[in-house]
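Reading through the structure tokens given below for one structure.
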Amino acid sequence: MTGSIMKKPVVIDAKTVSVDLQPGVLRKDFVWGVSTSSYQIEGATKEDGRGLSIWDTYARQKGRIEHGDTADVACDHYHRYPEDIALMKGLGIGAYRFSVAWPRVLPRGRGAINEKGLDFYDRVIDGVLEAGIEPWLCLYHWDLPQALGDLGGWTNRDIAGWFADYAALISRRYGDRVKRFATFNEPCVAILFGYAMSWNAPGVSDRSSYLKAVHHLNLAHGGAVDVIRDLVPGASIGIVHNRQPVYPESETPENLHATALLDTHWNLIFTDPQCLAAYPPLAAADMEPYVQAGDMAKICRPIDWIGLNHYSPIYARAEPNSELGFAWGKSPDRTDHPDFLWPIHPDAFRETLMDTWTRYRLPVYVTENGCGDPDAPNAAGEVVDERRVNYLRAYIHAMGEAAKQGADVRGYFVWSLLDNFEWGAGFGNRFGLAYVNFETLKRTPKSSYFAYRDMIRRLR
Ligand code: FCB
């Protein structure tokens with residue numbers, strides 16, 4: 001999914017008039033939801049027997065997280081989940097995508113089970129179901145148990161077995177009430193940023209560690225699909241990928257090659273083996289030393305849907321001294337919306353939906369979309385985030401355009417319900433439909449909360 005023409009991002013501000021999607025374009029059973037992740041909202045990192053995760057370790061290393069923020073308390077969802085479920089109910093959503101913290105249920109990643117950790121997700125799942133919302137459970141949103149990190153984490157081939165055992169525990173415990181499972185959230189971010197660029201935990205930058213980690217995560221995915229399929233009758237299984245068009249920072253031959261490389265490592269190196277049983281051409285030779293006989297068949301197991309997380313296009317430039325030959329390029333014209341974390345480009349979303357559908361021919365659920373902005377309450381205590389409202393309208397409209405062009409898109413989940421611990425950005429960037437005051441932990445629904453509620457009502 002590379003484009004050779006630089007595209008100017010669209011400017012979305014409070015004055016932008018976005019076009020609303022009209023009812024009748026999407027499927028009748030279209031699923032509207034919100035997404036969260038365990039590490040970003042739960043807090044209670046030292047409570048009720050939870051083990052350490054690689055993010056606890058990473059966040060404590062100097063200079064890793066803006067302002068030295070940690071997720072020790074985060075949104076305190078561990079204690080305040082009933083309030084958060086009430087917020088979901090008020091939105092009128094049909095589905096809630098969340099993740100289980102592996103170290104909360106298996107503090108050392110394998111072996112001894114932490115019943116109190118399992119009880120917590122029982123309470124969440126039951127509460128969500130009582131609110132008339134379907135729980136969508138993701139097994140892995142980056143918080144690997146540190147004890148497994150100490151054994152090499154994703155660079156250790158044994159992790160495929162450890163992950164299968166964890167998937168079995170979760171399937172047995174929740175499979176009576178949960179039918180929607182995602183194996184992973186955004187393998188490309190976890191592994192590329194974690195093992196090649198050191199922007200995420202565990203903070204490694206090493207080519208062969210990265211390549212091994214890619215292959216072992218792919219094996220773990222395939223193994224977990226089989227486990228869930230065996231243990232949960234009626235399970236609907238998918239995986240969540242971050243996919244974005246890649247453009248060159250400028251059109252030199254070197255940058256065009258870097259663009260193809262970034263596309264390979266971002267958009268294809270997990271999805272292609274998982275869905276098409278082959279590594280993409282630009283990575284195949286690099287992966288060969290790690291692939292054993294029979295591996296590709298173990299990785300490419302039938303799944304029911306593909307989850308698409310999408311925010312913006314990305315830009316590449318050649319960087320011969322980097323581990324993989326490319327670096328993140330600058331996007332054109334960022335000056336006109338400097339507060340937004342990423343470029344705004346709804347048409348790139350339409351393009352990505354089309355590409356995901358035509359390449360893999362699996363039903364697509366948009367499992368994350370949204371925007372980060374430094375929101376703040378006004379004098380009246382209201383959080384008027386018109387730019388986010390316009391962003392959501394424009395992106396939902398673009399999704400409708402993809403549906404009209406034939407993409408089999410079946411659901412849309414906003415990232416995120418709450419402002420939360422935004423990884424390396426700490427608490428500095430807010431993505432929530434509800435504002436969180438991180439001193440008092442009070443939640444305040446923003447304008448976008450009410451706008452999304454009204455969009456769902458209108459489009460249902
Ligand atoms: C995605 C992550 C999610 C959140 C959003 C803003 O890449 O899956 O946890 O950080 O970006």
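The values are calculated or read from the model by the stated rules, or taken from the named source; none is laboratory data. Nothing here was measured: the structure is a model prediction, and the numbers come from that model. Cβ: placed from backbone, ideal geometry, glycine included. Neighbour counts: every protein chain shown. Accessible surface is based on the protein model in full, side chains and every heavy atom, while ligands, DNA and RNA are left aside. Shrake-Rupley method; radii C 1.70, N 1.55, O 1.52, S 1.80 Å.
Worth a mention:
- Stretching D158 away from S208 to a fully extended chain increases their span by 16.3 nm, per 0.36 nm per residue minus the current alpha-carbon distance.
- Charge-dipole axis of the chain as Lys and Arg at +1 and Asp and Glu at -1 on Cβ define it, positive-most pick from L118, S209, C188: L118
- Estimated 222 nm signal from helices in the chain, with DSSP H stretches of n ≥ 4 weighted -39500 (n - 2.57), rounded to 500: -11000 deg cm²/dmol
- Element breakdown for the chain at a 1.4 angstrom probe: carbon and sulfur atoms account for 52% of the accessible area.
- Placed amide H near D375: partners under 5 Å, 5+ positions off or other chain: R430
- Heavy atoms of the protein chains alone define the surface here; on that basis the chain has 36 Å² accessible area per residue at 1.4 Å probe size.
- Extension gain, E130 to H257, is 40.6 nm, computed as 0.36 nm per intervening residue step minus the present C-alpha separation.
- Simple point charges give the picture: +1 on the Cβ of Lys and Arg, -1 on the Cβ of Asp and Glu, and for the stretch 228-350 a dipole about the Cα centre of about 400 debye.
- Loop-resident sites, the stretch 278-376, for trypsin sites (Lys or Arg not before Pro), counting at most 16 other Cβ within 10 Å (DSSP): K330, R361
- Within the chain, antiparallel bridges make up roughly 20 percent of the DSSP beta bridges whose residues both belong there.
- Separation of the D48 and R60 label points, Cα + 7 Å toward Cβ, nm: 2.2 nm
- Between R123 and D176, the modelled label-to-label distance comes to 2.0 nm, taking each label 7 Å out from Cα in the direction of the beta carbon.
- Size of charge dipole - the stretch 41-161 - debye, nearest 20, with Cβ of Lys, Arg +1 and Asp, Glu -1, no other charges: 420 debye
- Over the stretch 40-129: Kirkwood hydrodynamic radius from C-alpha pairwise inverse distances, Å: 14.2 Å
- Total charge dipole magnitude, the chain, about the Cα centre, Cβ charges on Lys, Arg, Asp, Glu only, Debye to nearest 20: 900 debye
- Sequence-distant residues sharing a close amide H with A434 (under 5 Å, placed H): L418, D419, K446
- Using θ = phi - 60° and Karplus 6.51 cos²θ - 1.76 cosθ + 1.60, couplings along the stretch 25-38 (whole Hz; Gly, Pro as x): 7, 8, 4, 5, 9, 4, 9, 9, x, 9, 10, 9, 9, 3
- Each Cα pair under 8 Å and six or more residues apart adds its sequence gap; the mean of these over the residue count of the chain is a relative contact order of 21 percent.
- For the stretch 377-452, GluC sites (Glu not before Pro) meeting the loop criterion (DSSP other than H, G, I, E, B) and having at most 13 other Cβ atoms within 10 Å: E382, E439.
- Sequence-separation-based contact order of the stretch 135-259, relative, with Cα cut under 8 Å and 6+ spacing, percent: 32 percent
- Annotation: amide H of W342 within the under-5 Å range of G372, sequence separation 5 or more or interchain, hydrogens built in the peptide plane.
- Length available on full extension from D347 to D304: 0.36 nm per residue minus the Cα-Cα distance, which gives 12.9 nm.
- log₁₀ of I(q)/I(0) at q = 0.11 Å⁻¹ - the chain, Debye sum with one point per alpha carbon: -0.85
- Per residue, the average separation of C-alpha pairs within less than 8 Å and at least 6 apart gives the stretch 390-460 a relative contact order of 19 percent.
- Exceedance of the 22 Å cut-off in Cα-Cα distance is limited, within the set K46/K446; K62/K446; K28/K404, to K46/K446; K62/K446.
- Computed label-point distance, nm, for sites L276 and I113 using a 7 Å Cα→Cβ extension: 4.0 nm
- Selected from G49, P103, G90, residue furthest toward positive end of dipole (the stretch 46-120; charges at beta carbon): P103
- Set of aspartates and glutamates with alpha-carbon distance to K179 below 20 Å, sequence-local pairs under 8 removed: D29, D119, D122, D126, E130, E134, D165, D226, D230, D304, E368
- If R0 is 41 Å, the Cβ-Cβ spacing of R457 and D72 corresponds to a FRET efficiency of close to 0.65.
- Taking N as its residue count, the alpha carbon Rg of the stretch 337-460 over 2.2 N^0.38 Å: 1.13
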